[in-house]
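The values are calculated or read from the model by the stated rules, or taken from the named source; none is laboratory data. Small disclaimer: the values here were computed from a predicted structure and weren't measured. So basically every Cβ, Gly included, is an ideal-geometry build from the backbone, and we count neighbours across all protein chains shown. In case anyone asks, the SASA skips ligands and DNA or RNA and just uses the protein heavy atoms, side chains included. Shrake-Rupley method; radii C 1.70, N 1.55, O 1.52, S 1.80 Å.
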Amino acid sequence: MIERSVVVRVHEGLHARPATQFVKLAKGFACDIEIRCNGRGASAKSAVKLMLLGVKENDEAVLRAEGEDAADAVSALATFLQTPGAGDIALTPARAPAAAAAETAPPASSSPAPVRPGCRGVAASEGTSIGPAFAFFPQPLVLEPRTVSPAEIPGEVARYRTALAATVASLGEAKSRPGLKRDDGAIIDALIGVAEDADFIAASEAAIGAGRDAESAVTSAGQEIAASFEAMADPYLRARAEDIRSVTRNLVLALLGRRDASLAEMPKGSIIVADEIAALDLAKATLADIGGIVCRKGAATSHVAIMARAHAIPAVLGAAIDEATLRAASSVGMDGTTGEIVLDPGETDRARFEAAIEREAGERRSLDAYRTLEPRTRDGRRIEVAANLGSLGEIEGALASGAMGVGLFRTEFLFMERRTLPDEEEQAETYAALAKAFAPHPVVIRTLDIGGDKPVAGIDFEHEDNPFLGWRGVRMCLERPDVFKPQLRALLRAAVAGNVKILLPMIADVDEVRAVQALLAECRSELDAAGVVHGAAELGVMIETPAAVFLAAEIAREVDFFSVGTNDLTQYVMAADRLNPKVAKLNRTEHPAVLAAIRQAARAAREAGIWIGVCGEAAARPDLIPFFVENGVTELSMSPASIPRAKKCVTEI
Ligand code: PEP
Ligand code: MG
């Protein structure tokens, strides 16, 4: 037996990606290899067991191998463990295409769906569309357990092995699909590692051996392993339970001879019909191919709606249609401006939608002239019409739409689409690239605005009953300087590349602003001490809580600008959840109570001599733009697709 003790230097420990690679390396040797850490041991050839050991960077691990090539194995594996870069590739929390997929359930009835003229939902992203329906309804798998007689066991095991081979092959195919996002390949590798895991296979086959059918055997083995991950303290490893469940689902689907469809497989021009769609699921689709979106849940300020507007995809959310009817539709006509939905439209409706599509295309052509314009009101006031962005990939579209800078860069997407936090270096590069692309126009970059409703690997969010009233945005950041300061330093570093402004979300107290100012001062000294170049950046706050409105005069003395977040301000002023279609009629920015709040904040800005912008979705509304401008707003920031029309509105004031 060869035994060797090593200190693990793999960056962030043996999480999924390095664990998969470590196991691959171990499987290249014939000998038995065990790795021990924190008083527990696991086979080095089982990714699942290895991840459950929870080996962290700087832990001491012992490698033990027995067999002909034991010395070589221990030496190779020890080298791996001592290489910091062995696990450097960040994995995203997004599920792999196979896991993100939704089962295409058979239509509830084979007779045509009833035509439902006049059916309405929340108008979430404007534009008319008509096209084939693409049903996206992930269904829980309902199994009917069978008892397998001893004579049937070998056949059942063979069935399981065939399903396993098919699952691994289809994951491999998914990996070679063109257009796969960065890191998706690594996630799929991790999923293949789970499917082929020796312990998972052994547990499944043991359950079959005990007389269970293959579907139930795989399900119970998968559930047990997923539960072990869920019990782990590390939130990143806890989230691995999702990988186990998705592989289990794929195995069961293969056994049942069914398969999942994913948004990636949606035919061009389809209207997605769904219960709800996560922003990350949508991100997996080829957005340019989506004809429209109809969901039973969600509202105008859901992130799926924001994404739809950013990509000019018509969307109606919160549609009051029962699931079976929606799922049975074979085509859909929809109007994202009025919220109208017609399932399986007849000839008259079809002609009406087609005429509207034609008319809108004409309007878009007539707005083209406004793209390059620097809009001024008739009395000569220049208004900056800027873009709301969430990633560097959206820069080109924003510039093409005529964005005069960025009024809101939502940095949370940089944090959400991955399994490790982005470091200062990576953030500095991203923010600098954004600033450079729009220079000399300003780019307003908002610090991390995230809470318990949007988990991020590396930040331990506890369950909260009211995440919108909870530990989020600047509240969380101030308690996690290890997360916040790298972002602030990155922003100061990026300020040399262009006109960077820092925006703080969810401010409800002057002390929060002062605490950020103190942290910024610390960051500047640290950068000076390290000889790192950095620049000056204006500091502003979102006006999105009623407290910030009441304290606006006091806060205005501390900052350089205000940006009104009408999405949250409306939900907090009206006490009406922005995601709940049932209270959509209260969730109206044009409500006198919300307008009074905006007026008060604008007055405070004017009296303090600072500028004020609007970056919530209402900034793009032709009916509200005159109100904002009359009250002294000088910047409006919105989805790029709305920019030309907003510019036209300004010129008419
Ligand atoms: C807002 O609340 O209006 C806003 C712009 O921020 P978000 O939609 O990201 O909460
Ligand atoms: Mg907000």
Checklist outcome for this item: Inside the stretch 308-322, the number of residues satisfying the requirement of being farther than 25 Å from A641 by Cβ, open to solvent by 20 Å² or more (accessible area, probe 1.4 Å) and in contact with a strand residue (DSSP E or B) (Cβ under 8 Å, 6 or more places away or on another chain) is 1
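Here is a yes/no grid of residues against (1) under 25 Å from C295 (Cβ atoms); (2) not small (G, A, S):
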{"residue": "V332", "(1), (2)": "yes, yes"}
{"residue": "D349", "(1), (2)": "yes, yes"}
{"residue": "G362", "(1), (2)": "no, no"}
{"residue": "D368", "(1), (2)": "no, yes"}
{"residue": "R381", "(1), (2)": "no, yes"}
{"residue": "V406", "(1), (2)": "no, yes"}
Checklist outcome for this item: Checked the stretch 370-409 for anything among the aliphatic types (A, V, I, L, M) and free of Cβ contacts under 8 Å to residues at least 12 places away in the same chain; matches are none
Item to check | Out of R603, R599, sole residue that is away from ligand 1 (no atom under 15 Å from the Cβ), of a type in the set (K, R) and under 18 Å from D623 (Cα atoms) | outcome: R599
Checklist entry - Restricting the search to the stretch 248-274, which residues are in a helix (DSSP H, G or I) and surrounded by fewer than 20 Cβ atoms within 10 Å (Cβ to Cβ)? => result L256, A264, E265
Checklist entry - So which of P622, P640, P581 is open to solvent by less than 30 Å² (accessible area, probe 1.4 Å), under 30 Å from the mean Cα position of the chain (by Cα), more than 16 Å from ligand 2 (Cβ to nearest atom) and not aromatic (F, W, Y)? => result P640
Checklist entry - What pairs come up if the first residue lies in the stretch 128-149 and is among the hydrophobic types (A, V, I, L, M, F, W, C), the second is open to solvent by 70 Å² or more (accessible area, probe 1.4 Å), and their beta carbons are under 6 Å apart, counting only those six or more places apart or on different chains? => result A133/S330
Item to check | Single residue of the stretch 407-418 satisfying the filter (among the aliphatic types (A, V, I, L, M) and within 16 Å of ligand 2 (Cβ to nearest atom)) that is surrounded by the most Cβ atoms within 10 Å (Cβ to Cβ) | outcome: L408
Checklist entry - Being at pLDDT 95 or above and within 27 Å of K585 (Cα to Cα), is that true of even one residue in the stretch 297-315? => result yes
Checklist entry - Which of the residues belonging to the stretch 506-559 are open to solvent by less than 60 Å² (accessible area, probe 1.4 Å) and β-branched (V, I, T)? => result I507, V510, V513, V516, V532, V541, I543, T545, V549, I555, V559
Checklist outcome for this item: By residue number, the members of the stretch 607-619 that are open to solvent by 10 Å² or more (accessible area, probe 1.4 Å) and either under 30 Å from the mean Cα position of the chain (by Cα) or hydroxyl-bearing (S, T, Y) (or both) are E617
Checklist entry - Which ranges mark the strands (runs of 3 or more DSSP E) fully within the stretch 20-69 that have 2 or more residues being aromatic (F, W, Y) and at positive phi? => result none
Item to check | Tabulated pairs, the stretch 246-271, first on the phi > 0 side of the Ramachandran plot, second part of a strand (DSSP E or B), C-beta under 7 angstrom, 6+ apart or interchain | outcome: G269/G131; G269/G291
Checklist entry - Say we look at the stretch 463-490 and pick out the residues that are more than 19 Å from the chain's Cα centre (by Cα) and of a type in the set (G, A, S); which of these is surrounded by the most Cβ atoms within 10 Å (Cβ to Cβ)? => result A490
Checklist entry - Which of (1) open to solvent by less than 10 Å² (accessible area, probe 1.4 Å); (2) part of a loop (DSSP other than H, G, I, E, B); (3) not polar (S, T, N, Q) is the odd one out, the single condition A305 does not satisfy? => result (2)
Checklist entry - Does at least one position in the stretch 498-516 carry a residue that is among the basic types (K, R) and either within 16 Å of ligand 2 (Cβ to nearest atom) or under 26 Å from the mean Cα position of the chain (by Cα) (or both)? => result yes
Item to check | Hits in the stretch 369-389 (condition: within 16 Å of E630 (Cβ to Cβ) and more than 33 Å from the chain's Cα centre (by Cα)) | outcome: P375, R376, T377, R378, D379, G380, R381, R382
Item to check | Only one of S270, S216, S228, S204 that is among the hydroxyl-bearing types (S, T, Y), outside the structural domain of P154 (by TED's automatic domain parsing), out of contact with any His (no Cβ under 7 Å at 6 or more places or on another chain) and at pLDDT 85 or above | outcome: S270
Checklist entry - Does Q571 satisfy being open to solvent by 40 Å² or more (accessible area, probe 1.4 Å) and either within 23 Å of the chain's Cα centre (by Cα) or modelled with pLDDT of 95 or more (or both)? => result no
Item to check | Only listed residue being small (G, A, S) and within 20 Å of the chain's Cα centre (by Cα), chosen from A305, A324, A351, A356 | outcome: A305
